[in-house]
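Trainee: This is the structure, below, for whatever I ask next.
The values are calculated or read from the model by the stated rules, or taken from the named source; none is laboratory data. Not measured: the values here are computed from a predicted model. For neighbour counting, all protein chains shown are included, and Cβ atoms are generated from backbone atoms with ideal geometry for every residue, glycine included.
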Amino acid sequence: MTAKATAKGPAATSTDRLGRLLALVPYVVSRDSVALDEAAAAFGVTEKQLIDDLNMLWCVELRAPDPYCPIDLSYEGGEITVAEAESIARPLRLKVDEASALLVALRMLAGIPDLDDRDALSRVIAKLESAAGAAASVAGQVAVEVDARGGSADPGRTGLGSLRDAIARGRRVHLTYYVPARDENTERDVDPMRLLVVEGNTYLEGWCRRAEAVRLFKLDRIADLAVLDVPARVPDDAEPIDVDAGLFRPSPQDEAVTLDLTPRGRWVADYYPCESVEELGEGRLRVVLRTPDTRWVRGLALRLGDQGRVVAPARLAAEIREDAVRALARYGMA
């Protein structure tokens, strides 16, 4: 049986796909057979993308002992079965740095107050520590360092320990918080409600006295933090933010801005909420973000320099060029 691999999904990269292909075979083999829709959901792809992957696996040849031994694969009737794939049927092993990063994240998650099903998380950590060997020791050193920094008199970058203490004791906190949309630090008093881990990032949710509303504060944007000797008073009608649908919820009235980024400018996609991210090849990205105020985008574009440029809307790109000309004129370079 032969088949040609079709085009991959628009958001996929070759690295993403390779990892999925290597994980897909042991996933199916360990279960004898798996429904197509179930496997697609497990790997976070569409059924079409999964079928493209399965078609690619049909082309894989196992060189030993038979000089030509293709994987025996079928997904007829919506059920996936895989055989004759012993050489890649074992689950992937985590590298030391991967296991360390996973353990650090799990231990941070375990420290969040009022966590549901903490026992299950503890069992996962224990199993991973047992299997990780040296990685568990490395992760333990990192975790201690983070906790010590968070609980110190100068909480600075994360303040995780101080925030846990404030939540446990019901105390208000004072934040110096960076707002990327305005490219400025703001001062505000916040009554903490809970700590959240969303899409790999940690947030403080609390009642912001400045906005008089519930707000989320990303921990790596907290420039300074002080726990005040004032009781936290969250209004009775304050509702927690529903984060199940994600944090990025642009308004239809917000302006769409398209940026092309070089490999050195890819950090923008990690730091700012993007509506879409497209791989352009050779490590370049095209991202689209929405904003009600483009002033901060003009500042971002100037900071990027040769790491990226705004390509749309044309009016904004022209304004940024004028900003750059004025800036260079001040240095006698225009």
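Trainee: Go through LEU285, LEU304, LEU280, LEU289 for me and flag whichever is in a helix (DSSP H, G or I) and at pLDDT 85 or above.
Mentor: Within the list LEU285, LEU304, LEU280, LEU289, the selection yields LEU304.
Trainee: Also, I was wondering about something else. Return the residues of segment 178-237 that are in a strand (DSSP E or B) and small (Gly, Ala, Ser); say none if nothing qualifies.
Mentor: Of everything in segment 178-237, those that are in a strand (DSSP E or B) and small (Gly, Ala, Ser) turn out to be GLY206, ALA213, ALA223, ALA226.
Trainee: Which condition breaks for ARG264 when tested against (1) assigned to a strand (DSSP E or B); (2) of a type in the set (D, E, K, R); (3) under 22 Å from the mean Cα position of the chain (by Cα)?
Mentor: (1)
Trainee: Scanning segment 307-331 for residues that are in contact with a Ser or Thr (Cβ under 7 Å, 6 or more places away or on another chain) and over 10 Å from VAL257 (Cβ atoms), which turns out surrounded by the fewest Cβ atoms within 10 Å (Cβ to Cβ)?
Mentor: Checked segment 307-331; the qualifying residue surrounded by the fewest Cβ atoms within 10 Å (Cβ to Cβ) is GLN307.
Trainee: Additional query: Would you mind stating whether ALA269 is exposed (fewer than 14 other Cβ atoms within 10 Å of the Cβ), among the small types (Gly, Ala, Ser) and modelled with pLDDT under 90?
Mentor: Taking the combined requirement at face value, the residue does not satisfy it.
Trainee: Which members of segment 281-306 meet the condition of being surrounded by 17 or more Cβ atoms within 10 Å (Cβ to Cβ) and in contact with a Lys or Arg (Cβ under 8 Å, 6 or more places away or on another chain)?
Mentor: Hits for segment 281-306 are LEU285, ALA301.
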